[in-house]
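Shown next, in structure tokens, is the structure this report addresses.
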Amino acid sequence: MEYYSTHKQTSFTSLKQAIIKGLANDGGLYMPKNIVPLDNYIISTMKDMNFQQIGTIVAQSLFGDSIETNILEYIVNETIKFNTPIVNIHDNIYSLELFYGPTLAFKDIGARFMALLLKYFIEKEEVENINVLVATSGDTGSAVANGFLGIKGINVYILYPKNRVSIAQEYQFTTLGQNIFALEINGTFDDCQALVKSAFIDKELNTKKLLTSANSINIARLLPQSFYYFNAYSQLDKINKAKELVISVPSGNFGNLCAGLIANKMGLPIKHFIAANNKNNVFFNYLNTGIYAPQPAVETYANAMDVGNPSNFERIIDLFSSYVNPYQAITKQISGFSYTDEDITKTIQYAYDKYEYILDPHGATAYQALLDKSLSAKESGVFLETAHPAKFKNIIDSILGIKIPIPNKLKSFMEGEKHTIELENDFIEFKNYLLQQ
Ligand SMILES: *Cc1c(COP(=O)(O)O)cnc(C)c1O
């Protein structure tokens, strides 16, 4: 498989180059040259397969000729060491629980896959000392750090906004040591993301250091996220509930939604998508007006969605670029909703009081969007529960007036010691830091 840049100002590139570079030379994002639909028959047999088997078929189609079959299978099997179950909440509403990975958020899938693939290329091609730069609003940092921990030849730099991630999130990437460096930036997530982007286009830095990104900018992190859309479909297909599927995605940088659209393009029958936003509603506004106007991010309870200029917007536009009227096609395929912290609070309270289901603040937006979309009885609504509620224990405890238990996995992180490097929101300072490493 070859990859092109969404800016189309540079030539096709290999998977190895795409994963190592992260961002294309022209500043665009990589996309697979061919998204080949899978045979309907194969999709219909997935209901009798396990998640690893499903993941392998999807991966073959997406990465196929770029990597030996047995190695790809190994990477998929290592990535998928946990399940992503579908849980019926009430009526025709289901939660796709994506929080059974090591850091209790959906990003574990993409991060583990990318780490293993990069490790493979490093060992095979004897590439030396790769520096992974990653901006995080909370969950990316932990998933990436844990995916890459201890891999020789890779240093990981995690930029996160000081005081704006939850304590549980922070401990998951600041306590690891080894090849993981946590940079505490005096700014917002958008500032962190801008610093990373500036680093990728800085000439001096790129001649002296091999840099790559592990944000959903990186195609190797994004594509594996399509695995669990297939897995979700198959679980519902098995109980004959997959005929008219509406999938609601809590969205920040839009990597997750993008992976769903790619699964759809690969032939997965998804009738409609919902992009659920918190107060950071740039995409919601785009759907309503046709105008994309990035805005500074504001802080919310669903902090992993506090993004004012979502990176993957470009990929979504690109996916619809063959339509005569892309905007019309996008609004037909995707609905948008936007919720305040007050709305999120009410939703979390409601789901718990009525159904004893504990939502996290991100999943809450997607669940509420499904309710507000008023599905027909024939439709099945699936919301992505992207993180375990205990990652946001303070918020959830205070809303529900209970003390939710902390899973052991999370507890062991909390016992570590926090180590960070504090930096101002200043590119020169960041650049000098990297050059001295
Ligand atoms: C990252 C994240 C999101 C947003 O996902 P995108 O792919 O950036 O749109 C939603 N929920 C949680 C818990 C996350 O960590």
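Within the span defined as the stretch 229-238, every residue fails to be in contact with a strand residue (DSSP E or B) (Cβ under 6 Å, 6 or more places away or on another chain), surrounded by 24 or more Cβ atoms within 10 Å (Cβ to Cβ), within 28 Å of Ile395 (Cα to Cα) and modelled with pLDDT of 95 or more.
Per-residue answers, yes or no, for (1) out of contact with any helix residue (DSSP H, G or I) (no Cβ under 9 Å at 6 or more places or on another chain); (2) surrounded by 24 or more Cβ atoms within 10 Å (Cβ to Cβ); (3) at pLDDT 90 or above:
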| residue | (1), (2), (3) |
| --- | --- |
| Leu104 | no, yes, yes |
| Tyr120 | no, no, yes |
| Glu123 | yes, no, no |
| Thr136 | no, yes, yes |
| Ser142 | no, yes, yes |
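Let me spell it out: the conditions are (1) surrounded by fewer than 19 Cβ atoms within 10 Å (Cβ to Cβ); (2) free of Cβ contacts under 8 Å to residues at least 60 places away in the same chain; (3) within 16 Å of the ligand (Cβ to nearest atom), and Pro405 meets all of them except one. Which number is the exception? The number of the failed condition is (3). If you filter the stretch 321-359 down to residues that are outside any helix (DSSP H, G or I) and without any contact (Cβ under 8 Å) to a residue 12 or more places away in the chain, you find that the one that is farthest from the ligand (Cβ to nearest atom) is Val324. Consider the stretch 146-160. How many of its residues are of a type in the set (A, V, I, L, M), within 15 Å of the ligand (Cβ to nearest atom) and modelled with pLDDT under 95? Total meeting the criteria: 0. Please enumerate the residues belonging to the stretch 374-402 that are under 22 Å from Tyr301 (Cα atoms), surrounded by 15 or more Cβ atoms within 10 Å (Cβ to Cβ) and among the hydrophobic types (A, V, I, L, M, F, W, C). Within the stretch 374-402, Val382, Phe383, Leu384, Ala387, Ala390, Phe392, Ile395, Ile396, Ile399, Leu400 meet the criteria.
Quick one: would you say Ile262 is touching a residue at least 40 places away in the same chain (Cβ under 8 Å), crowded, with 22+ Cβ neighbours inside 10 Å and over 28 Å from Phe12 (Cβ atoms)? Considered against the rule, which asks whether it is touching a residue at least 40 places away in the same chain (Cβ under 8 Å), crowded, with 22+ Cβ neighbours inside 10 Å and over 28 Å from Phe12 (Cβ atoms), Ile262 comes out as no. Of all the residues in the stretch 360-401, those that are without any contact (Cβ under 8 Å) to a residue 60 or more places away in the chain, within 16 Å of the ligand (Cβ to nearest atom) and aliphatic (A, V, I, L, M) number 1.
Residues that are within 10 Å of the ligand (Cβ to nearest atom), within 24 Å of Leu359 (Cβ to Cβ) and assigned to a loop (DSSP other than H, G, I, E, B) within the stretch 211-267 comprise Ser216, Ser251, Gly252, Asn253, Phe254, listed in sequence order. Given the condition of a type in the set (Val, Ile, Thr), surrounded by fewer than 16 Cβ atoms within 10 Å (Cβ to Cβ) and farther than 20 Å from Arg221 by Cβ, answer yes or no: does some residue in the stretch 42-55 qualify? Yes - at least one qualifying residue is present in the stretch 42-55. In the stretch 284-299 there is no residue matching the filter, namely being within 30 Å of Gln235 (Cβ to Cβ), in a helix (DSSP H, G or I), within 16 Å of the ligand (Cβ to nearest atom) and among the hydroxyl-bearing types (Ser, Thr, Tyr).
The values are calculated or read from the model by the stated rules, or taken from the named source; none is laboratory data. Being a predicted model, the structure only gives us computed values, none of them experimental. When we count neighbours, we look across all protein chains shown, and the Cβ atoms used for this are built from the backbone with ideal geometry, even at glycine.
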